[in-house]
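Quick note: the coordinates plus some simple rules give every number you see, no bench work behind them. Nothing here was measured: the structure is a model prediction, and the numbers come from that model. Here the Cβ positions follow ideal geometry from the backbone for every residue, glycine too, while neighbour counts run over all protein chains shown.
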Amino acid sequence: MARKKPVDERVRAFVAAMLADRVENEDEHIDDIERDMEELADAVSDEFAAQLLARQSQGSPSGPLCPDCGKPGRRIGERRREITTTRGSAPLTEPKCFCSACRRHFFPSVSASGPLA
């Protein structure tokens, strides 16, 4: 899979900044380096998922539409849950909405084609 050049450049800059803060250890074994790589990859993955899911769960600025009738619903709260990704679990906070026309609650992140589609 080809990467985009700007992403590669940002990753290089991020890693350089992380390494600049790292204490040199001449006795460090490859197993220690791999463990640190995995921890960093997991932390980046977790934060990326959390921020992107939070952005996606905000929905459209015009308000959530009822999946049954298509009329605007209103936000009445939120629900927090964990979703499973290929890298582990990720937190998701999604709006809980109500349609007065259908008199039902719904979660805009769950559509006919599945959650967060």
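Tabulated data for the structure shown
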item	result
Separation in nanometres of the label points that stand 7 Å from Cα toward Cβ, at Phe14 and Ala50	1.4
Kirkwood Rh in Å, taken over the chain so that all alpha-carbon pairs contribute	17.6
Dipole magnitude (debye, nearest 20) for segment 31-115, charges at Cβ of Lys, Arg, Asp, Glu	1280
Qualifying lysines (Cα of each under 21 Å from Cα of Lys96; at least 8 residues distant if same chain)	Lys71
Glu26/Ile83 FRET efficiency (R0 35 Å; Cβ-Cβ; nearest 0.05)	0.25
Choice from Asp21, Asp68, Asp32 showing the highest fluctuation, given a GNM over the chain with Cα pairs closer than 10 Å	Asp21
For segment 31-115, with +1 on Lys and Arg beta carbons and -1 on Asp and Glu, the positive-most of Ala43, Thr84, Ser100 along the dipole	Ser100
Note, ³J(HN,Hα) from phi for segment 63-77, Karplus 6.51, -1.76, 1.60, rounded to Hz, x at Gly and Pro	x, x, 9, 5, x, 8, 9, x, 7, x, x, 10, 6, 10, x
